[in-house]
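The structure under discussion is supplied below as C-alpha cells; questions concerning it will follow.
The values are calculated or read from the model by the stated rules, or taken from the named source; none is laboratory data. Because the structure is predicted, anything quoted here is derived from the model rather than measured. Positions of Cβ are generated from backbone atoms using ideal geometry, with glycine treated the same way; all protein chains shown enter the neighbour counts. Calculation scope for accessible area: heavy atoms of the full protein, side chains included, ligands and nucleic acids excluded. Shrake-Rupley method; radii C 1.70, N 1.55, O 1.52, S 1.80 Å.
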Amino acid sequence: MTLTIRCLSAFAALLVPLCCLAQDAPPAGEEPAPIDFSIGGCGGAYFLAEPGELTIELEKRDRNRRGVPAELRAILVGPDRTVLQEVSIPDDGQPARSGMGPAQRVRLSAPVARKGVYALNITVSQDRYGDEILWGFATNCPKYLIETSRGHRDQRREEPIVLGRPDQPGDVCFLPRRGEFAVQVTGLAESVKDLSVYDGQGRLVQTIAVESGGQASRTFPAGERGAAAWRLHLPAAQAIIQIDGVTRWDERDAYLNLPYWSPKAESFFPWHDYRWIVTPYSRTLYGEPGRQAAARFEVHNNSEQKRTIDLALEFPGASWPARLSAQQVELRANQSREVTVEGEFPAAGESLVCHVRATPRENPEFSTYSTVTLIGGEPPASRPLEIPLVLKPYRHENEQFGYAPGYPLDGAMYFDPENRPYIVGDDRVITWRDGGWKGSEDRAFSVASTKVAFDREGRVYALGRADRRPTLLYSADAGRTFSAAVLPGEPRRGQSFDIEQFSGHNIPDGPPPILRYTQTASDPKRIWRRFNDLELLLPKWTDGGVEFAEPVLISNKCIGLSLHSGAPSTVVSRGAKVHVVFAEATEPEEKVPGVPTYVVTYDRQAGKLGKPALVGYGAPPNDIHNTPSITIDSRGYLHALAGTHGRPFQYARSLESNDAGRGWTEAVPVGEDLEQTYIGLVCGPDDSLHLTYRLWQRNKEPFPLSHYATLAYQRKPADTPWESPRVLIVPPFSEYSVFYHRLTIDRRGRLFLSYDYWSTYWFYRTDHRGNRRALMMSPDGGQTWKLAENRDLIP
C-alpha cells in the first residue's frame, strides 16, 4: 500500500509527524485542495469509495481557548476496519486565549481495491468535546457523510453542528424526520439576516428570519420528506445548529443517535438505512488444519422498510472453497439475521482470506464488505497474555489474538458448588448443560441482574421480573427451570437491587439475602447526591417454596447503588449472620473526607440488627459512584473497601470473626495517589484479596499529552499490605473510558474478569454493533492472565 502525507502551513517543517518523513512526497506542483468548511466537535466521516485511490486533505485550526495541548489524531480505516493510516496534527503552540491559530494540514491516502465504506476517525487530546479546534477536509470521494460525535456527557445526548467559516457561505444537508421537527441556530454572524431551507428537490421550503443576538429558529410540521437530503443555507457559515432527529433525538426517531450530515447534498449516500449491514467487520479464526471453520456474521436492515440484501464472496487472491450459508437475506425493518462463511482451516501458519460483500437490492449503488481470515494452528488467545494487554484502534481481542470463544459473552461468569459456570444472557440464565450452552427453558420470567447466586445445596438464584414485579428467581434443577417469588412491598420507580453472590468464602445455607435501594430524594445542584431507603430482604425456604420475612430497614440516607462497573459485593453471610456494607449521603455543608461507609450485621437467628460500624470514608462526599464492597475470608473476618471516584480506595478489616460490631482496623488507602473507581473484590482460597478497578493514568505512554483510563488489578496476600497495582488493559483511545468489568472467582480459586471496553467517543462506539465484551482469567491467583477458552469453563 502506498501512503502519502503532506503538511501545509507556514510551520510545515515543525508539523510533519515523524511517521510522515519516510513517506513518498506529493506530486510536484500539485496545489492543495480547497477546504471550504470548518467544524467543531470530534467524530469523523464515512466515505463510500470506488476502486482507485482515496485521498483526504485534513485541516485543523486551534482555537487556543484553554491552553491545553490539542493534538488531533486521525485514523483512516477500510470497510473491514483495517487501519490503513494514522496521523496526528500537533497543537500549534500558541498561548491560551490568543485566538484562532494557523491552519495545519495533513494528507491521507490509500488504494481502494474494492468498493466499500471507509471511515475517518477524529479525536483530540484533552478535548473530548472538540471545543478547542476546528477541522475540515477535502476529498476526491464524491460520496461521504460527516458524523459529529463528541465524547459522552452525563445527560441527554446532543451533537450540535458547529460551523466556523464566517468568511464564506455554507450549507448543512440532512435527512429530516417525518414527524414535526425544529431547527434552532445560534451564534450567527452579524451580517446574516435570514436563513433558507430547501427540500430534497431543491425547492425553497422556508426563509427563517434571524432575530437579535444572531439567533433563528423554526418548527416544521410533520409530513412526507422523500429520500433526498434537505439543505439549510447560511450566507456566512458561522453558527451552532440543532436539528431534531439529526443532532438530538427522542425514541420515535428512525435513526436514533446517528448524527449524519454533509456540506453538500450530492455527497449523500444511503448510510442511514444500511448502517451495520454486515458485522462484525472482520472475523479471524484459528483452528486445526483440515478442520471445518464457521465464521458468523449478522446481516442487518437499519431502514424502516423491508429490504433484500444480496450476499457474495470475493477473494483478494486465489479463490478457495469457502461457502456462504445464504446468497440473499430478506429482512423486515430493523431486523437482523445470522449468516455463516464455512471452510477448512489451512496448513499450520498459513492463512485464507475472503470478503463477504453485502449489497441491498433496492439500492445497488451502495455496497460494502466484511473480511474473514482463517489461520491454521492454535490462536495466540490460548497462551498467557503479555500484560498489559494494549488494545489497538479497531483491533481488539479477536483481531489481535484470534479470540473467538464458544461461550456467551453477555456478562460475568458465576460458578455453583460443583464449579459449573452460569451467565445471564438473553433474559435467561445460561449454563453448560447436555454438551452445550443452554438457557433456562421457562421464558415466563426475565432476569433483571447480571449476578447469579447459589446456596450450599447448589440451588440457583437470580433477580428477575414477572408481570413487571421484582422477583427472586430460583431453580433446583441446575438452571433448567425457574420459579419466581415476588419481593415484598409495592414496586416503585427508582428502585435497584443487589443479591449476595459467591465472592470466595460465603456460601448461604438457603436463599441468598437481597438488598433493595429505593430512591427517595435527589439533589438538583449535585447530580451524584441521592437519598435511598436501604432494606435487607431475607428469603427462606418453606413448604410452599420461597417466602420473605419483613424487610429490615438498614438506612434511610443511603447514597445508592452503582453496579454497572465492578459489580461490587454489598452483602455477605455466614451461618445466621448477614453483613451489609453501605455508604450514606451527607449534608453539603458538613465537612467530611468522603462518603461515610458503614458495615452492619443482622442476626437472622436472633432477629436483631446490630449497630452500624463506620469503617472509612470514600472520597469525594455525596457521590453515588462510591459504592463500597465487602467480602469474608476463610476465618470469618470481614474485609471492606470504601468506594471512591478517582481517589484511593480505603480498606478496613473486622477485628472479630463474623461480626461487624466489635471493631475494625483503621481504614488505610490501598495505595498512594491512585485514581481508582469501581470496585471488583473477591477473596481467594488462601485468603488473598483480589481487586480490579478503573485506574486513571496521566501524561504517560501511549498518550503522553493526555489522560486515559486503564483496567487495573491489585492483590493483598493474607496478613500483608496491598501490593502495587498492575495495569491489565490499556485502551486504544485517550480521554474518558470505562470497562464495565466484573471480577468473579470459581470454587477452585481461579479468577475470571469480564470486561467491555467503552470509549467516551460516540463515533468509535457507534461504529461497532453489539458489545465488545471479553473474558480474561487467571489460574494462579493473579500472577498470569489469559483469555478464557471454553475448556477453561467446563467442569
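Grab the other residues whose beta carbon is less than 14 angstrom from that of Ser191, score K and R as +1, D and E as -1, and report the net.
It works out to a net charge of -1.
Does segment 526-566 come out rounded, prolate or oblate, given a ≥ b ≥ c as the square roots of the eigenvalues of its C-alpha gyration tensor, rounded meaning a/c under 1.5 and, failing that, prolate meaning a/b above b/c?
It comes out oblate by the Cα gyration axes.
What translational diffusion coefficient, to the nearest whole µm²/s, does segment 476-561 have by Stokes-Einstein, given a Kirkwood radius computed over alpha-carbon pairs, a temperature of 4 °C and 1.567 mPa s viscosity?
88
Still on this structure, I have one more. Note down the relative contact order for segment 688-734 as a percent, whole number, built from C-alpha pairs under 8 angstrom at least six residues apart.
The normalised contact order for segment 688-734 reaches 36 percent.
Which value, in Å² and to the nearest 10, is the accessible area of Trp541 when all protein chains are kept and the probe is 1.4 Å?
Accessible area of Trp541: about 90 Å².
In addition: Rg/Rh for segment 366-464 to two decimals, with Rh computed the Kirkwood way over all alpha-carbon pairs.
1.07
Just the accessible area per residue of the chain, please: how many Å² with a 1.4 Å probe?
Per residue, the chain has an accessible area of 40 Å².
Dipole of segment 76-215 (Lys/Arg Cβ +1, Asp/Glu Cβ -1, origin at the Cα centre): which of Gly136, Gly202, Thr186 lies farthest to the positive side?
Gly202
I would also like to ask the following. Would you please classify the overall shape of segment 669-769 from the alpha carbon gyration tensor, given that a ≥ b ≥ c denote the square roots of the eigenvalues, rounded means a/c under 1.5, and beyond that prolate means a/b larger than b/c while oblate covers the rest?
oblate
A follow-up question, please. Rounded to a whole number, what % of the accessible area of the chain do carbon and sulfur atoms account for, probe 1.4 Å? Before the final figure, lay out the partial values.
On the way: 14810 of 31580 Å².
In the chain, the share of accessible area belonging to carbon and sulfur is 47 percent.
If the cut-off is 19 Å between C-alpha atoms, which lysines fall inside it for Lys115, apart from same-chain ones fewer than 8 positions away?
Reachable lysines: Lys143.
Could you tell me whether segment 580-714 comes out rounded, prolate or oblate from its Cα gyration tensor? Rule is a ≥ b ≥ c as square roots of the eigenvalues, rounded for a/c under 1.5, then prolate if a/b exceeds b/c, otherwise oblate.
oblate
For Lys540, give me every one of the aspartates and glutamates with a C-alpha distance below 20 angstrom, ignoring sequence neighbours fewer than eight places off in its own chain.
Counting by Cα, and skipping residues close in sequence, Lys540 has these aspartates and glutamates nearby: Asp416, Asp455, Glu457, Asp477, Glu490, Asp498, Glu500, Asp509, Glu550, Asp603.
Which whole-number percent is the relative contact order of the chain (Cα, under 8 Å, 6+ apart)?
So the answer I get is 9 percent.
Another question, if that's okay. Relative contact order for segment 95-211 using alpha-carbon pairs under 8 Å, separation at least 6, rounded to a whole percent?
Here the relative contact order equals 11 percent.
May I ask you to rank Met100, Met776 by accessible area, largest first, using a 1.4 Å probe over the protein chains only?
Ranked list, largest accessible area first: Met100, Met776.
Can you check what the Kirkwood hydrodynamic radius comes to for segment 329-422, Cα pairs only, in Å to one decimal?
On the way: mean 1/r = 0.0580 Å⁻¹.
With all distinct Cα pairs of segment 329-422 included, I get 17.2 Å.
Of all DSSP beta bridges located in the chain, what percent are antiparallel, nearest 5?
So the antiparallel bridges in the chain amount to around 95 percent.
Hey, any idea what the orientation-averaged projected area of the convex hull of the chain's Cα atoms comes to, in nm²?
With the hull built on Cα positions only, its mean projection is 36.2 nm².
Rounded to whole Å and sorted largest first, list the principal axis extents of the Cα atoms in segment 517-659.
Principal-axis extents of the Cα atoms in segment 517-659, largest first: 50, 33, 27 Å.
In Å, what Rg and Dmax follow from the Cα atoms of segment 261-305?
Using the Cα atoms of segment 261-305, the pair Rg, Dmax is 17.0, 52 Å.
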